[in-house]
Amino acid sequence: MDDGAGSSPTRAELRPALRNAGEFRVYRRRWFILCVLCLLNCSNSVQWLTFAPVADRTAEDLRVSLDEVNWLSLVYMVVAIPLSFVTTWMLDTLGLRLTLILGSWLNMAGGILRVVGVLSYLPDKAMFPVVMTGQTLCALAQPMVIFSPTKLAALWFPENQRATANMIASMSNPLGLMFANVFSPMIISDTNNLLKLLIIYAIPAIVVCFLATVGIRESVPPTPPSASAETSSSEPFIQGIKLLMRNKAYLILLVCFGSGIAIFTCFSTLLEQILCVKGYSNDFAGLCGALFIVFGVIGAGFLGLFVDKTKKFTEATKINMCLTSLACTAFAVVSQMREQKAVVAVVCALFGFFGFAIYPVAMELSVECSYPVGEATSAGLIFISGQIQSIIYIELLQALTKKLADSPISMCAAGDNANLSWKVPVLVLAGLCCVSSCSFVIFFHTAYRRLRAEADAAADTSAQTSEHTLRGETDHTGDT
């Protein structure tokens, strides 16, 4: 296997030969780029969900309300919506390297500014705005990170590794959410210091920024790993958007899976607030969030390997969406029960196992049903859909809460203002999950366009090879 050392001809110069000879290569450096992307994705998601598991304590330290603390997470969605269009253009036009390096610098700058925002010399009124500014910089980096897995998998990995590579890169995001769910309550409990928490989370951002800037040398390998990689981003950005808007299967995936992303965002952002009013501690909420992520990564690993071997993208997505709806409904019920830690933990684990497993497969499915549109464009619009729906869902669920007159078992540190009834909101969340899943199962049907294009290219190459062999034999016979 070539490691890519030394000078190589450009991809444009190699395309005619590749079409004729079917010569595709993979390079060891793809694993380094994948590792950097995973670290960046993990760091960015940690910074996204830093405050949600300790929302009540954050509200006290920054002297703001819980709704304002929620905006430290919501800002990711608000910023991502307009920036996502720029990011898809950047990935498909300027390339993977520039996008990842810019994202790593924004992520690092945001992490450092958040630390500055909680320093003791700042006046109380300035703390929250400075922290929010840092969080906004981190939010600017998110689309550049989230959109990259499908692009990296398509450009650097062969056809039999694409879903697995996408799964690894994509699941590093929920892994970061897990770290935030576990370590934010743990660090706050041990140190009682928000500053130390933010310093700890800023260190990985600095490290990964150095690795991305120094280590990622090019956007594409010298030679493509597959036939589809050879023509990746062949459609211009605007033309690609137009094609997607006329693609019925893609539009169904856009709405239904975007709703799924929104549901998981709501769960991650509001979990601590939902559980604390029923007497569950921040540590237990963090544990539930961690189980949600860990089992999600395990489920995604199994499903990614299964899909890589069978190519049953649609079937796997439909089955898992149905199971996710059942788990979401179960959570809506058990989250309103008191002293049921084991049951709540198991349901959160199942919710993650079935739900998170869908993400990398659905991202690959978006590319399959929209090929030859650029990977960043097809995956990016789904992310935008998820962010828009996330804002709507979170605002809707918060509006549906009711203040409790008395809640003696509440563990919410923010006091009476946090004692809210989440019974109706969680039932509405389960209903939204069921509606999106049923709609996807009933209406989504598609051909796998990228796989078909690769099969056609392989068949053409085989036919050309057979023709050349036959000609050689004929010429040899004529000479004799």
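The values are calculated or read from the model by the stated rules, or taken from the named source; none is laboratory data. Note that the coordinates shown come from a computational prediction; the quantities given were computed from them, not determined experimentally. Cβ atoms come from the backbone with ideal geometry, glycine included; neighbour counts cover every protein chain shown. Heavy atoms of the whole protein, side chains included, go into the accessibility calculation; ligands, DNA and RNA do not. Shrake-Rupley method; radii C 1.70, N 1.55, O 1.52, S 1.80 Å.
Find the relative contact order for region 302-429 and round it to a whole percent, using C-alpha pairs within less than 8 Å whose residues are 6+ positions apart. Each step should come with its number before you reach the end.
Details: 94 pairs, mean separation 32.9, N = 128.
Computed over region 302-429, the figure is 26 percent.
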I need the P(r) histogram for region 37-184: all alpha carbon pairs, bin width 10 Å from 0 out to the longest distance, whole percents. 12, 39, 31, 14, 4, 0
Sequence of Leu303, Leu39 when ordered by accessible area, the most exposed leading, probe 1.4 angstrom: Leu39, Leu303
Can you show me the helix-derived [θ] at 222 nm for the chain, built from DSSP H runs with n ≥ 4 at -39,500 (n - 2.57) apiece and divided by the number of residues, rounded to the nearest 500. -26500 deg cm²/dmol
Kirkwood calc, region 87-130, C-alpha pairs only, radius in angstrom 12.3
According to the Cβ-distance criterion of 4.7 Å, cysteines of the chain with no possible disulfide partner are Cys35, Cys38, Cys42, Cys138, Cys209, Cys256, Cys266, Cys322, Cys369, Cys434, Cys438
Mean 1/r over distinct Cα pairs of region 419-462, inverted to a Kirkwood Rh in Å, yields 14.2
Amide H contacts under 5 Å for Val26, placed H, 5+ residues apart: Asp2
With just the Cα atoms defining each centre, how far is region 88-149 from region 56-85? Give it in Å. 13
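Between rounded, prolate and oblate, where does region 167-208 land on the alpha carbon gyration tensor, with a ≥ b ≥ c its root eigenvalues, rounded for a/c under 1.5, else prolate if a/b exceeds b/c? Numbers along the way, then the final one.
Values: a/c = 4.72, a/b = 1.64, b/c = 2.88.
The shape class here is oblate.
For the chain, what does the convex hull of the Cα positions come to per residue, in cubic angstrom?
Details: hull volume 68.4 nm³, N = 480.
Expressed per residue, the convex hull around the Cα atoms of the chain is 142 Å³.
Among Lys341/Lys423; Lys248/Lys309; Lys196/Lys278, which pairs are too far apart, with a Cα-Cα distance over 19 Å?
Flagged as over cut-off: Lys248/Lys309; Lys196/Lys278.
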Which far-off residues, 5 or more places away or on another chain, put their amide H under 5 Å from the one on Leu420, with H placed in the peptide plane? Leu404
Kirkwood Rh in Å, taken over region 201-306 so that all alpha-carbon pairs contribute: 18.8
Percent of alpha-carbon pairs separated by more than 21 Å within region 275-347: 37
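For the chain, what does the relative contact order come out to in percent, with C-alpha contacts under 8 Å and a separation of six or more?
Values: 807 pairs, mean separation 109.0, N = 480.
23 percent.
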